[in-house]
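The values are calculated or read from the model by the stated rules, or taken from the named source; none is laboratory data. Since the structure is predicted, the reported quantities are computational estimates derived from the model, not experimental observations. Note: ideal-geometry Cβ built from the backbone for every residue, glycine included; neighbour counts use all protein chains shown. Protein only, heavy atoms only, side chains kept; ligands, DNA and RNA dropped before computing areas. Shrake-Rupley method; radii C 1.70, N 1.55, O 1.52, S 1.80 Å.
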There are 2 protein chains.
Amino acid sequence: MAEKGEVPYKTYLEENELPSAWYNIRADMKKKPEPLLDPATFKPVTAEALEHVFCKELVRQELDDTTRFIPIPEEVQKFYRMFRPSPLVRAYFLEKALDTPAKIYYKFEGNNTSGSHKLNSAVAQAYYAKQQGLRGVTTETGAGQWGTALSMACAFYGLDCNVFMVKCSYEQKPFRREVMRTYGASVTPSPSMETEAGRRINAAHPGTTGSLGCAISEAVEAALSRDGYRYVLGSVLAQVLLHQSIIGLEAKTAFDKISEKPDVVIGCAGGGSNLGGLIAPFMGEKLRGESDCRFIAVEPASCPSLTRGRYAYDFCDTGKVCPLQKMYTLGHDFIPSASHAGGLRYHGMSAILSELYDQKMMEAVAVEQTDVFAAAENFARIEGILPAPESSHAIKAAIDEALLCKAQGRRETILFGLTGTGYFDMTAYAKYNDAQMSDTVPTDADLEASFASLPEVR
Amino acid sequence: MAEKGEVPYKTYLEENELPSAWYNIRADMKKKPEPLLDPATFKPVTAEALEHVFCKELVRQELDDTTRFIPIPEEVQKFYRMFRPSPLVRAYFLEKALDTPAKIYYKFEGNNTSGSHKLNSAVAQAYYAKQQGLRGVTTETGAGQWGTALSMACAFYGLDCNVFMVKCSYEQKPFRREVMRTYGASVTPSPSMETEAGRRINAAHPGTTGSLGCAISEAVEAALSRDGYRYVLGSVLAQVLLHQSIIGLEAKTAFDKISEKPDVVIGCAGGGSNLGGLIAPFMGEKLRGESDCRFIAVEPASCPSLTRGRYAYDFCDTGKVCPLQKMYTLGHDFIPSASHAGGLRYHGMSAILSELYDQKMMEAVAVEQTDVFAAAENFARIEGILPAPESSHAIKAAIDEALLCKAQGRRETILFGLTGTGYFDMTAYAKYNDAQMSDTVPTDADLEASFASLPEVR
């Protein structure tokens, strides 16, 4: 046990301590992210235009960069009670195994059936869709966490849910697909023959196993072509980071309860939903000059948008149907090598995080997947949780930081985000266990080629 | 949210409220379970004989039917901190969906990587093996929960772990196997060619996909034939129910905190580990005349040891290498039809629960698997947790009880055990989703035939 007077292994908030509002970090940013641009005109997109694709209230949240706190609807708070609070865990066993003077904490978001933090935004988005009187929503999913989370939320609110799942995932992860079906969602392998976009891709690339960019285009088209449907997205957007701020808000309250505060906050970064949510209130303090906390985004070396990308306007999807945003990007034509962290294989990065990174408020590192799986297996054996490949990027960086503390004799307090579990990723673990996993990193020439797809804006 | 003054959705204990001793229900039983018998002599087995197979301290616990509380070693308490306390959940959403006046609670044991309550005993058994200076342990696993839990515990304590996995599960559940490998266990499909027992079965039944009974025999033989190894078992035995009492003890403390007490406690029953642990302290009160709480064991109609079995001495395994115990049994030759609740496919029942059932301290019901999966899917959509097929037997019975309360206008407080999650059972859910699941119940003639395998004792 924790020694007398020490913090417990796990800190849970009481229900009356749970956040009743999300934190909108843009309100504390002096220099805010650049506006979204209409994909046809390259002019700032209007609310009216966005409302054809997205739910009305979500558009309002997307465009609101001044309101600091946005109330969480009571119905959403109730749903959160089903799987929240998530614990703030003191990693005593890991500290001991590393023999580090650092104190390591992680906020664990994997204790729900979707297996990740994705449910935090899925329930909000489904709730607003229901409030708007919609019949259903469409979305895409790669690794499957987001599709699963959205299926759960839609089942709860009685909404139809159509998920376009990247075909290679659809085939490799039949169990993910089955969870979504159990929650009543229809799951379509993408590219499909159900949409114009899908038929076009299938004709141009017979036998293709799809991509996230194509699945987005199909999901948007499906939403636009059906009465009473809208499209929803699980990362990248400001609204998603807003909902995910629940992670950071809970973590901060828990730290206050145990009279601690992190010196460094570490999270994996694909589109940025988990990292943006985890760091939000801590970054807010830094933006207001109240703290000098460090922040580290961890990305796969195979898809290094922050560490090797360019800060530029780019399309959010390959099909160029979604708005453009100014972000760190590898170019919307960039195809990351096959890696097992499907949730991190995105060419761009949240506009909010991109801007913070550009302002040097945040650092970034890129790590290779065999190192990530070594850290994951180590962590599983020491801390008793089998982590998702995505989450394991943060584990790897947190361990590196703790070992650096050891080498330098510093007693830092480290917080990292453990976004989810790897129970549906055992094919990846098998590859690692059989020593058949390799690393592929894009060459400079690869990146130059994909940067060529960046649009000329203004 | 819960209305002001009402109990929260989830009640967690503080670390200083966690149990520091297991509760040994036999101490409160006036008529105790009959002694184990040696399989060769049919005489009460001695500690010395058992210590060839089992760890010394576990033998002591197995034979101790008078000590009411047995301290949980500090090291085991520390491990418990990694995944405990488990929440006591108020099922507000389920109550509302059923429109029942009953209050429904469940104790959720699935929030750990083994996916079930099995880890509660696995860590204790691995700890005692390590304390004894052993090199490793052997065991069998059917559905895979126990094997996974033991792998995790052995990885933590640095013990070798050899799991004999029923061959059909080994082939159907490659991901379960991979989790065990990730935790460093070796997993052998049973029947194997590594043991005399396995070779014998393979010769007699070429191409057999194995059975739990055979896997037990192989695991026992493997333990006996290797230096520094013992055999461990995940259910049925009194020591396992002792460790699992942590579930009930936590639940009782949580109920005390919210000033509630259950009128009825419901759990699924295969070998009895979860049910015996969940009900322990509540049954203790009943045995001492302090409560008139009801208890319901829920078993599959395909393997109805309590509702259709005989209370008699029988072998615990098909290979007749383990001691005999007096229990409700279908006969050790009984082969349950293929069902998707692998954890409930056992011919007998814990001697403690059998005795309590015989004393009419407990009721039992049998339910069919298609009804169970209907309840499971309903529960998943309403309460946001995808349950294991085993656990779903308890869900089905709890829903039936709540609906009976509604019909009769009674405001009962129901507690059921939600033992685990179904993330590795999606093949079963797929069958249900595709309407390809059926029910098979043994005929009276089937049972008469298997009762013929009961040994004549005395």
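Amide hydrogen proximity for B:V45: with H placed 1.01 Å from N in the peptide plane, the residues at 5 or more positions away or on another chain lying under 5 Å are B:L36, B:L37, B:D38.
For chain A, A:C55, A:C168, A:C214, A:C268, A:C293, A:C303, A:C405 stand unpaired, since no other cysteine beta carbon lies under 4.7 Å from theirs. Within 10 Å of the Cβ of each residue in A:177-184, the mean number of Cβ atoms contributed by other protein chains is 6. Accessible surface buried by the B/A pair amounts to about 4500 Å², both sides summed, 1.4 Å probe. In terms of the mean number of neighbouring beta-carbon atoms within 10 Å, the peptides B:52-60, A:176-184, A:60-68, A:402-410 order highest first as A:176-184, B:52-60, A:60-68, A:402-410.
Rounded to the nearest 20, the Cβ-based charge dipole of the protein assembly as shown about its Cα centre (Lys and Arg +1, Asp and Glu -1) stands at 700 debye. When the solvent-accessible area of the protein assembly as shown is split by element, carbon and sulfur atoms take up 49 percent of it, the probe being 1.4 Å. Highest average first, the peptides B:440-451, B:88-99, B:350-361 ordered by how many other beta carbon atoms sit within 10 Å of their residues are B:350-361, B:88-99, B:440-451. Remark: the A:K31-A:Q132 segment gains 33.1 nm on full extension, using 0.36 nm per residue and subtracting the alpha carbon distance. Within the range A:50-166, DSSP assigns beta bridges of which about 35% are antiparallel (rounded to the nearest 5). Report, in degrees rounded to the nearest 10, the 0 to 90 angle that the Cα long axis of helix A:369-383 makes with the longest principal axis of chain A. The two axes meet at around 50 degrees. Projecting the Cα atoms of B:A21, B:Y80, B:L98 onto the charge dipole of the range B:1-144 (Cβ charges, centred on the Cα centre) puts B:L98 farthest toward the positive pole. Amide H to amide H distances under 5 Å link A:F164 with A:T139, A:E140, A:T141, A:T188, where only residues 5 or more positions off or on other chains count and H is placed in the peptide plane. For A:K173, a cut-off of 26 angstrom between C-alpha atoms picks up these lysines, skipping any fewer than 8 places away in its own chain: A:K118, A:K396, A:K431, B:K167, B:K173, B:K431. When both bridge partners sit in the protein assembly as shown, DSSP labels roughly 35% of those beta bridges antiparallel. A simple count of charges around A:Q145, restricted to other residues whose Cβ falls under 9 Å of its Cβ and scoring Lys, Arg +1 and Asp, Glu -1, yields +1. For B:Y127, neighbours were defined as the other residues whose beta-carbon sits under 12 Å from its Cβ, and their charges (Lys and Arg +1, Asp and Glu -1) total -1.
Each of B:S291, A:I399, B:H52 was scored by the projection of its Cα onto the charge dipole of the protein assembly as shown, and the greatest displacement toward the positive side belongs to B:S291; charges sit on the C-beta of Lys, Arg, Asp and Glu. Sequentially through the range A:102-113, phi angles give Karplus couplings (6.51, -1.76, 1.60; θ = phi - 60°) of 5, 9, 10, 10, 9, 9, 9, 9, x, 7, 8, 5 Hz, Gly and Pro residues having no value and appearing as x. The simple spin-label model puts a point 7 Å past each Cα toward its Cβ; for A:R410 and A:K56 those points are separated by 5.1 nm.
Here chain B carries DSSP beta bridges of which approximately 35% are antiparallel, counting only pairs with both residues inside. Net charge near B:R226: determine it from the other residues with C-beta under 14 Å of the C-beta of B:R226, scoring Lys and Arg +1 and Asp and Glu -1. Charge balance in the 14 Å sphere: -4.
Accessible area per residue for chain B, computed on protein heavy atoms with a 1.4 Å probe, is 34 Å².
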